[in-house]
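*Asks:* Structure incoming, see below.
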């Protein structure tokens, strides 16, 4: 990957908004805070990439044009990216491609979603069921929890993972989120409390599930020559996307996130680094078990369950995962999620993250996001300044 | 600001019309790939095994075996394999109070989607 830096970024709080503010307000807040962080002003931006999963949430078609207008951006290149849960991450990669190809010099990537504040939970669930095959799975009224549950059951059967392993992940990510003042669910919960929370879809219980959140996040991308000289900003060293069959039943191994394995190989090759150089991960933990399924597919440890049980993925472990709290703790306003993941990982390796940080910033961080049930998998490897 | 949308979609099913037509009657119509013989139920426009697009519709018995099952309050879903199919399918269980491993396809309750009625447990006494 050529010289694409994350010049700066910012996010709003992720939560269920009840303060009367709108998604337009959140976008404005995230955009201007990101510009400040990057040391730029609006007229420096020559491209805007908007990430928003569904117009059914915002009730705004062509949101990039509307947002550009509200931000006072005119006469610039606009693009809207969408890829289910991976929407925000794909938008960052699209923005990086604009910079790398020379089509833009300084790109604002702005993700948002207003899923929690605008609609009741049942309506959001009905819309999310269209994330799978809408003519078969979606037509059954099935929610994400049940599809993820069926995949998790297959993973448990093949690997010996237990509900206690899942509960440990759910509790740990919420504990990490307690140091993140922008997080939706910074909960002081234990494994036992996760295991005692109400059943949603076996084996998943309420605390195994990430929340519906509102919020926005923005990062500014550019080449080093086009950004203010600010020391230590992270570089997008490798980016990859791979897909899997949409329907679980069409997959040879419904419990495994195979597309992540494919994307990981490509991202490592592009970044020119070995897998053992990755020092931390912001990972798409839409459900607790999905964190272990993803880590299994990414292949960064010999045995994911042994590593999990030995504390490898804890904040003070050898390979910290979701120091931000992840989706389980920080929250998941879909269009903003991947943007916020990239931002958190960048600031962690830059040594300036506002929440839980590694004792020693590693050189490389991995960001993992997916749409569907690991159907559309996006990975990026970030490199700190050396 | 309050907004209410009522959207009434009518979606043609195109090349999959045979599948959905049979499904509405509670029958399982699968796609037999002319390239590799892969039997897909539910079907896809392109063979997931070899990438071929040619093939023919074949009727399956509509009976299936459970692979995984997840229960929630008021509903249960399962990953099943229909007899004669090479892929698996996600179904909603019509009678989740039953815990047997075999079932039969039913006409869908909301015009699409796969619904399975589990067999009653056998009484061997």
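*Asks:* Cα centroids of region A:68-116 and region B:61-116: how far apart, whole angstrom?
*Replies:* Between the Cα centre of region A:68-116 and that of region B:61-116, the gap is 41 Å.
*Asks:* I would also like to ask the following. Averaged across the residues of A:130-141, what count of C-beta atoms belonging to other chains lies within 10 Å of each residue's C-beta?
*Replies:* 6
*Asks:* Turning to a different aspect of this structure: Take A:260, B:94, B:2, A:18 and order them by how many other Cβ atoms sit within 10 Å, fewest up front.
*Replies:* So the residues, fewest neighbours to most, are B:2, A:18, B:94, A:260.
*Asks:* Taking each residue in A:142-148, count the Cβ atoms of any other chain within 10 Å of its Cβ, then average. What number comes out?
*Replies:* Per-residue shielding by partner chains comes out at 4.
*Asks:* Can you give the helix-only mean residue ellipticity at 222 nm for the protein assembly as shown, where every DSSP H stretch with n ≥ 4 adds -39500 (n - 2.57) and the sum goes over all residues, rounded to the nearest 500 deg cm²/dmol?
*Replies:* About -9000 deg cm²/dmol.
*Asks:* Here is a further query. Shape verdict for chain B, please, from the Cα gyration tensor: rounded (a/c under 1.5), prolate (a/b greater than b/c) or oblate.
*Replies:* oblate
*Asks:* Moving on. Mean separation of Cα pairs under 8 Å and 6+ residues apart, divided by the residue count of region B:14-118: what relative contact order is that in percent?
*Replies:* 25
*Asks:* Please tell me the relative contact order of region B:35-89 in percent, rounded to the nearest whole number, where contacts are Cα pairs under 8 Å and at least six residues apart.
*Replies:* With pairs under 8 Å counted, the relative contact order is 38 percent.
*Asks:* Among A:55, B:71, which comes first, then next, by fewest other beta-carbon atoms within 10 Å?
*Replies:* The most exposed by this proxy come first: A:55, B:71.
*Asks:* Give me the distance between the Cα centres of region A:136-201 and region A:269-291, rounded to whole Å.
*Replies:* Between the Cα centres of region A:136-201 and region A:269-291 lies a distance of 19 Å.
*Asks:* Could you order the peptides A:288-296, A:95-103 from most to least packed, using the average number of other C-beta atoms within 10 Å per residue?
*Replies:* Most protected by this proxy first, the peptides run A:288-296, A:95-103.
*Asks:* I've got another one for you. Rank-order A:73-83, A:262-272 by packing density, defined as the average count of other C-beta atoms within 10 Å over each peptide's residues, highest first.
*Replies:* Descending packing order for the listed peptides: A:262-272, A:73-83.
*Asks:* Angle, helix A:163-177 long axis vs. longest principal axis of chain A, Cα atoms, 0 to 90°, nearest 10?
*Replies:* Compared with the principal axis, the helix lies near 30 degrees.
*Asks:* Further question: Taking chain A as the reference, fit the longest principal axis to its C-alpha atoms, fit the long axis of helix A:87-100 to the helix C-alpha atoms, and give the angle between the two in degrees, 0 to 90, nearest 10.
*Replies:* 40
*Asks:* Further question on the same structure: Averaging sequence separations of C-alpha pairs under 8 Å and six or more residues apart, then dividing by the length of chain A, give the relative contact order as a whole percent.
*Replies:* Taking the mean separation of contacting Cα pairs over the length of chain A, I get 26 percent.
*Asks:* If packing is taken as the mean number of other Cβ atoms within 10 Å per residue, what is the order of A:173-186, A:117-130, highest first?
*Replies:* A:173-186, A:117-130
*Asks:* Let me ask you something else. If you line up the long axis of helix A:334-350 against the longest principal axis of chain A, both from Cα atoms, how many degrees apart are they, to the nearest 10?
*Replies:* 80
*Asks:* By count of other Cβ within 10 Å, fewest leading, how are B:54, A:3, A:46 ordered?
*Replies:* Fewest-to-most ranking of B:54, A:3, A:46: B:54, A:3, A:46.
*Asks:* Residue by residue through B:47-55, how many Cβ atoms from other chains fall within 10 Å of the Cβ on average?
*Replies:* The per-residue average across the peptide is 1.
All of the numbers you see were taken from the coordinates with simple rules; none came from a lab. Note that the coordinates shown come from a computational prediction; the quantities given were computed from them, not determined experimentally. Cβ: placed from backbone, ideal geometry, glycine included. Neighbour counts: every protein chain shown.
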